[in-house]
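A short worksheet on the structure shown next.
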Amino acid sequence: MNAPFSQNQAKTRSRSRALMEEARRYTPGGVHSSIRRMPVDIVLNRADGAYLWDVDGNRYVDYNAAFAAIILGHSHSGVDQAVAREVQGLDLAGLGTTPHEIALNRTLVTHVPSAEMSLLCNSGSEATYHAVRLARACTGRDHLLKFQGCYHGWHDYLLVNVLSTADKIGTKDPASTGMLPEAIARTSVLDFNDLEGASSALRTRKFAAVILEPIAHNMGCVVGTEPFLRGLRELCNETGTILVFDEVISGFRHGMGGYQAVVGVTPDLTTLGKAMSNGYPCAAIVGKQELMLQFATAGGPVFFAGTHNGHTAGTVAALATIAELENGEIHKQLFDLGDRLCAGLSEVASRVGVPMRVEGYGSVFTPYFVDPDRGPLQNYTQLVQRNDDAKDMQFRLALIERGILVFPGPRRRWCITAAHTRADVDLTLNVAEEVLRTLR
Ligand SMILES: Cc1ncc(COP(=O)(O)O)c(C=O)c1O
């Protein structure tokens, strides 16, 4: 049984603390993804709609949404029932293909502009890894161009200059030790939205691929401007470089065709994951037929494999999630609610007198603790220079104590799901106001 909760009371977490102690005995740090480390001990054991509960019975309005993987809401009955039904008939075929895989790939090809063909895998990191290898194979070139603050997964190819500290911006900043120096050396990094820099880099050196989040949600919410995205497309055409949009977050969350459909710029390859399957493991690399046919699945020279690729659970979850999104109603609802929350936070901050600029696109947004009148935030460097990280963290930790679960790190995104309601938003605004008053 869950204890009754009060949104405004500091949480008691004795059971969480005891379980985390046990978790740390068996698992380094007690968590299974380094980004899940929390400054407070929270062990979660229930999820429903917009809410998570910890083992002490405390309820949280969830704005982390499993790092944007949950779009319909937690434990969505339509998705869960479809998965439960279909895995009873077929779990993992292992050879050949299945009708579910065919249906999902048909669906991806139908909706995503760059998708002439599609291959399934299990995580966004796998998808971007395959995209890099394919781009290298097809161009015969080694170098990659990425942008400071974008994250494309955990592999050596692209794990540089993600959450760089101010002193590391402009230098090669690998996010892990143990990475191959050759991989680090072959990945160049520019500021997001810097078309001039990209133009000069691409004309100076031959790159296999340019990869970016068209909306950089790993910095919170920084939209790739239309001239930037269009300019990259033209530069890639001109220089024979493969353009990869990493839409692991933006795909399906911001519209059926991802942000590429919104902005009208079609990359050569696209990576998808997260919201596509409402939290079940499923991801995809999609793209131009002439490139995709180079994969070994078609007899080509580029290796592609994965024991669990196309598992019924993830595949059916993706089909059921996309079916829910197809009539556009949920996207409309997400955009309306996102706008309401962004406007509400800006209004509260300005009334209380805390400098804040809320940048959002649809269901993903970030309240930055910056002077709201100093103009738009277009890249990571500006964010690091202008955001009051200490205040941002204080805000987040105080919200968590009051039952509003956001990622406990500065400048990171918040996400809403179709299960969030106006009442959740109003509650969040009340709690945010209470906290902001203490931060003035
Ligand atoms: C834009 C983007 N690409 C790739 C990834 C890696 O995906 P995964 O964690 O499923 O490997 C992430 C994860 O946060 C992401 O945000």
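Looking at G328, G362, G344, G375, which one is at positive phi and in contact with a Leu (Cβ under 6 Å, 6 or more places away or on another chain)? It would help to see each step written out before you state the result.
Numbers: G328 fails: in contact with a Leu (Cβ under 6 Å, 6 or more places away or on another chain); G344 fails: at positive phi; G375 fails: in contact with a Leu (Cβ under 6 Å, 6 or more places away or on another chain).
One residue alone meets the criteria, G362.
Which of the residues spanning the stretch 88-131 are more than 16 Å from the ligand (Cβ to nearest atom) and farther than 16 Å from T312 by Cβ?
R106, L108, V109, T110, H111, P113, A115, E116, M117, S118 - these are the residues of the stretch 88-131 that are more than 16 Å from the ligand (Cβ to nearest atom) and farther than 16 Å from T312 by Cβ.
Here is a check on your reading of the model: is L158 at pLDDT 95 or above, assigned to a strand (DSSP E or B) and closer than 24 Å to F67 by Cβ?
no
Could you check, for the stretch 183-197, whether at least one of its residues is out of contact with any Gly (no Cβ under 7 Å at 6 or more places or on another chain) and in contact (Cβ under 8 Å) with a residue 60 or more places away in the chain?
Residues of the stretch 183-197 that are out of contact with any Gly (no Cβ under 7 Å at 6 or more places or on another chain), as a first pass: 183-189, 194, 196-197.
Those left that are additionally in contact (Cβ under 8 Å) with a residue 60 or more places away in the chain: 194.
Checked against the condition, which is being out of contact with any Gly (no Cβ under 7 Å at 6 or more places or on another chain) and in contact (Cβ under 8 Å) with a residue 60 or more places away in the chain, the stretch 183-197 yields at least one hit.
Search the stretch 35-76 for residues being part of a strand (DSSP E or B) and of a type in the set (D, E), and hand back the single one that is nearest to E22 (Cα to Cα).
Per the stated criteria, the residue is D54.
Yes or no: R85 more than 16 Å from the ligand (Cβ to nearest atom) and part of a loop (DSSP other than H, G, I, E, B)?
no
Just to be sure I understand the filter: pairs with C-beta atoms under 6 Å, separated by 6 or more residues or on different chains, first member in the stretch 131-154 and farther than 22 Å from A166 by Cα and assigned to a strand (DSSP E or B), second member among the polar types (S, T, N, Q) and more than 11 Å from the ligand (Cβ to nearest atom). Which pairs pass?
That search, which allows pairs on different chains as well, returns L144/T187.
Looking at (1) among the polar types (S, T, N, Q); (2) closer than 24 Å to F365 by Cβ; (3) in a loop (DSSP other than H, G, I, E, B), find the lone condition where N218 falls short.
With (1) among the polar types (S, T, N, Q); (2) closer than 24 Å to F365 by Cβ; (3) in a loop (DSSP other than H, G, I, E, B) applied to N218, the lone miss is (3).
In the stretch 246-269, what count of residues is obtained for those that are within 11 Å of the ligand (Cβ to nearest atom) and under 18 Å from N105 (Cβ atoms)?
3
Would you check if A418 is assigned by TED's automatic domain parsing to the domain that holds D41, crowded, with 20+ Cβ neighbours inside 10 Å and under 14 Å from V348 (Cβ atoms)?
When the stated conditions are applied, A418 does not pass them.
Condition first: out of contact with any Ser or Thr (no Cβ under 8 Å at 6 or more places or on another chain), part of a helix (DSSP H, G or I) and surrounded by fewer than 24 Cβ atoms within 10 Å (Cβ to Cβ). Now tell me which residues in the stretch 262-315 satisfy that.
Residues satisfying the conditions are V262, V263, Q289, E290, L291, A296, T297, A298, A313.
The values are calculated or read from the model by the stated rules, or taken from the named source; none is laboratory data. This is a predicted model, so every value here is computed, not measured. Neighbour counts are summed over all protein chains in view; Cβ atoms, including those assigned to glycine, are modelled from backbone coordinates with ideal geometry.
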